[in-house]
1. P(r) for chain A, please, calculated from all Cα pair distances in 10 Å bins and given in %.
2. Under a Cβ-Cβ cut-off of 14 Å, what is the net charge of the residues other than B:Leu172 that fall near it, where Lys and Arg count +1 and Asp and Glu count -1?
3. Per the Cauchy relation, a quarter of the hull surface: what is the mean projected area of the convex hull of the alpha carbons in the protein assembly as shown, in nm²?
4. Compute the helix-to-body angle for A:110-119: its Cα long axis versus the longest principal axis of chain A, expressed 0 to 90° and rounded to tens.
5. Beyond a 28 Å Cα-Cα separation, which of these cross-linked pairs lie in this structure: A:Lys111/B:Lys70; A:Lys89/B:Lys52; A:Lys47/A:Lys144; A:Lys167/A:Lys187?
6. Test of understanding: in a Gaussian network model of chain B with alpha carbons linked when under 10 Å, which of B:Lys144, B:Lys35, B:Lys89 would top the mean-square fluctuation ranking?
7. Specify the angular offset, from 0 to 90 degrees and rounded to the nearest 10, of the alpha carbon long axis of helix A:66-88 from the longest principal axis of the alpha carbons in chain A.
8. By its C-alpha gyration tensor, with a ≥ b ≥ c as the square roots of the eigenvalues, how is region A:144-218 shaped: rounded for a/c under 1.5, else prolate for a/b larger than b/c, else oblate?
Protein chains: 2
Amino acid sequence: MLNYSTSEENYIKAVYHLQLTDDSVTTNEVAGYLKTKPASVTDMMKKLKAKKLLNYERYRGFRLTAEGTKVALGIIRRHRLWEYFLAEKLRFNWDEVHEVAEELEHITNKKLVDKLDEFLGYPRTDPHGDPIPDANGKIEVTRKICLTELPVNKTATVNSVSDQSSKILELLEHKKISIGTRLEIKKRFEFDKSLEIRIGRQPAFTISSQLAENIFVTHE
Amino acid sequence: MLNYSTSEENYIKAVYHLQLTDDSVTTNEVAGYLKTKPASVTDMMKKLKAKKLLNYERYRGFRLTAEGTKVALGIIRRHRLWEYFLAEKLRFNWDEVHEVAEELEHITNKKLVDKLDEFLGYPRTDPHGDPIPDANGKIEVTRKICLTELPVNKTATVNSVSDQSSKILELLEHKKISIGTRLEIKKRFEFDKSLEIRIGRQPAFTISSQLAENIFVTHE
DNA sequence: AATTATTTTTAGTTTTGTCTAAATTTATTT
DNA sequence: AAATAAATTTAGACAAAACTAAAAATAATT
C-alpha cells in the first residue's frame, strides 16, 4: 500500500463522500466541499488519475477506482476510530470530534490504527452513528434515510444530523433527541409537514419539517 | 500562541535537544540530527530568527529564545504524552513509540492535548523515563547522568538508553535492566572499566563499560 | 441554431521547504 | 602568518500545492 499526502487524501475523501449522493462528481462540487478553487481541483484530479486512484476524462467528472475506494475507506476508518476515541475516551462532545479527527486521520501507521481499534473494542460506528470500516476496508451498508421519509409506526434509530449549528443542537437537546435515540413517527400533518413522534413509551410530541429534514435515521 | 508548520516544529525541537548538551547549536549539528542539508538549516534558521524563536548571527550558531523554548516544550509535551498513550494504552513496546509520536506531536489542538493528559492521569514521565512538561510548559529538571559516572553505593533509577539497536535491547533484557529499574554500583574495576551492579536485593552481577556508557540514570 | 451563461481547464505565479554548487567565513595546520 | 581545511551561507533551481486570470468546452436559453 503506497502513501499519499495529506492533500491527496483530502481530495480522495471528498470524492468518496460526494460519490455517495451524486453519480459522477464534478470539479465545482469538490471545490465547494474542500473550500478550494476549481483550478486546484483539476490539478489534483490529473495527479490522482495518473496514480490510478480515479477515472477522469476532461470535462466529464470523476469516480474513484477500486484502488481509490480502498484508500478512501482507509482514511474513513482512521477518521471514525479517532472520533470514537475522542468521544468515548477523552469525553469530547460529539459535535467537537470531527475537526480534530480531520488531523489525526492522516497518520497512516497501520499498527497504530489496528491497536487503536483493538483498544476501543472494535466499535461498529462512530459517535455520529456512521459505520467504521474494518481493517480490510469492509464497511456496513446502512441505508440511511431522512426522518421525513420514515414510514409511520416504524421504529428507527437516529443516525446523524446534517446541520451542526448550535441552534439546531439546542433544539435537539430540548427535545431529548440525540444520536442513537430510537423513535417512531405516529402521525404526519400534511399542512405544514410537521411530524408527531414518540421516543420509547414517552408521550408523543411534535417536531417541525425544518427539523425533521436535518435528522437522518436507520431502520431494520 | 501562534501556529507553526511541521517542518518549523522539527527544527525547533532539534535545536532544543541539541542545546541540552551543547551550549550553542551549529548548522551541521542540526543538519545531522534532522538528516537534512546544512543549506536547508540556514534557510530555516533565518525564518525562525525572524519569528523571534531563536537568536542567531551568521556563522555564530543558534539558541532558542524564551518564546522558542516555550514552543519546544509544547511539542515535547505532546510527543511524550502520545508516547505514554501508545505504551500504556495501546501496548506498544517502549522502543516502538517514538516513531509514531513524531507524527502525533504535530497536532496542536490544546483541548486534545489537555484531555489526553487528563485521560492518562497526568503522567510525570514518558516510557523512556523522560519528564513530561505540564500544560504551562513547566518541566522537571532531572539531572540525568551516565551510569559510568554514578558513585558507588548510590541507588539510582534507569532513565534512558542512548542506543536503541536490537542488539543492546537483547542484552538489557537478558540482564533484566529496563527503564525504571532501581540499581546501585557495588564496585568499579579499573582495568576494563566494567561495573559490578546490584538490582534490589538480588545477587550482584557485572556489566561491561560499553553497556554502561549507553545507560543513563537519575538519582536522589 | 445561435447566443449567452456556466463549468472546467490551461497558463502562468506564488509560497514553502528542499536541494546542489559555488562563494564566503571561520578554524586549523604547517 | 600564510595556506589549507572545514563549516556556513548565498544564489539559483525544483517540486508540491495553492492561487488568479484568461481560454476552451459544455450546457442552457432565446
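Rule-based calculations on the coordinates, nothing more; no lab input. Bear in mind that the values here come from a model prediction, so they are computed numbers and not experimental data. All Cβ positions, even for glycine, are placed from backbone atoms using ideal geometry, and neighbour counts span all protein chains on display.
1. Final binned percentages: 7, 29, 31, 23, 9, 1.
2. The answer is -2.
3. 28.9
4. Taking the Cα atoms of chain A, the angle to A:110-119 is about 20 degrees.
5. From the list (A:Lys111/B:Lys70; A:Lys89/B:Lys52; A:Lys47/A:Lys144; A:Lys167/A:Lys187), the Cα-Cα distance tops 28 Å for A:Lys111/B:Lys70; A:Lys89/B:Lys52; A:Lys47/A:Lys144.
6. For chain B, modelled as a Gaussian network with Cα springs under 10 Å, the answer is B:Lys35.
7. 50
8. rounded
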